[in-house]
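Undergrad: Mind looking over this structure? Questions follow.
Read-outs: derived from the displayed coordinates by stated rules, not from any lab. What you see is a predicted model; the values in this text were computed from it and never measured. Note: ideal-geometry Cβ built from the backbone for every residue, glycine included; neighbour counts use all protein chains shown.
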């Protein structure tokens with residue numbers, strides 16, 4: 001199998017937040033009198049996604065409104081009497097405190113893959129301002145294409161977002177591998193686009209899966225010797 005390209009997910013694969021968005025959300029809620037746990041957020045996440053249903057793509061000027069509205073809907077789904085003012089407070093609380101970091105193996109492995117002549121891409125369910133985060137973390141120079149759902153109008157696991165990345169790189173699906181940390185969003189999405197998926201399972205939560213699984217990017221680097 002001759003692979004010439006590796007596409008990556010972003011959050012949970014290449015970067016991680018500190019503190020987590022869920023932790024900060026719960027802290028902000030407590031400050032305005034709402035008791036919310038990370039488990040509560042997980043319970044209503046799917047319903048919130050359906051309720052928001054804001055058409056993509058999202059303009060940069062709309063990002064704050066998008067998150068504030070989503071915060072309000074989340075609280076309402078949890079039976080709290082929340083207003084858009086609460087949503088805005090939570091948005092600013094999180095924005096002012098969250099910091100993103102690269103995983104320890106990211107620079108080493110991405111540099112290795114680039115030196116080996118592989119074409120690299122990023123496919124992420126993210127808003128347009130994510131490009132600024134990539135620049136701040138010095139990740140942008142690794143990628144030959146960056147495809148964000150907030151810009152192109154499709155979200156993983158929709159195969160079309162992967163197909164856009166392939167079109168940008170003038171590649172066929174069988175020439176690419178996709179690495180991500182979510183089975184449903186990343187593995188099933190890539191498979192639907194005809195791309196070989198690799199599940200990055202840093203926490204060891206997915207031991208029985210019907211796809212290639214690696215524990216870290218160093219292990220993926222060794223795997224690429226087989227693909228090439």
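Undergrad: How do the peptides 20-28, 78-86 rank, highest first, by the average count of neighbouring beta carbon atoms within 10 Å per residue?
TA: 20-28, 78-86
Undergrad: Using only the alpha carbons of segment 96-182, what is the convex hull's orientation-averaged projected area in square nanometres?
TA: Values: hull surface 25.5 nm².
In nm², the orientation-averaged hull projection of segment 96-182 is 6.4.
Undergrad: As I understand it, the value is the acute angle between the Cα axis of helix 106-115 and the longest principal axis of the Cα atoms of the chain; what does it come to in degrees, rounded to 10?
TA: Rounded to the nearest ten degrees, it is 30.
Undergrad: Relative to the longest principal axis of the chain, what angle (0 to 90°, nearest 10) does the C-alpha long axis of helix 217-227 take?
TA: So the inclination is approximately 40 degrees.
Undergrad: Counting DSSP beta bridges in the chain, what percent are antiparallel, to the nearest 5?
TA: Expressed as a percentage, antiparallel bridges in the chain total about 15.
Undergrad: Under the √(5λ) rule applied to the eigenvalues of the Cα gyration tensor, what semi-axes describe the equivalent ellipsoid of the chain? Give them in Å, descending.
TA: 33, 18, 17
Undergrad: Right, another one. In degrees, nearest 10, range 0 to 90: what is the angle between the Cα axis of helix 84-97 and the longest Cα principal axis of the chain?
TA: 50
Undergrad: With an 8 Å Cα cut-off and a minimum separation of 6 or more residues, compute the relative contact order for segment 61-137 in percent.
TA: About 24 percent, as a whole number.
Undergrad: So, one more: Please state the relative contact order of the chain as a whole percent: Cα pairs under 8 Å, 6+ residues apart?
TA: It rounds to 25 percent for the chain.
Undergrad: Which whole-number percent gives the relative contact order of segment 20-97, counting Cα pairs below 8 Å spaced six or more residues apart?
TA: Once normalised by length, the contact order is 36 percent.
Undergrad: To continue, here is another question. Whole Å is fine, so just give me how far the alpha carbon centre of segment 64-136 lies from that of segment 140-212.
TA: 18
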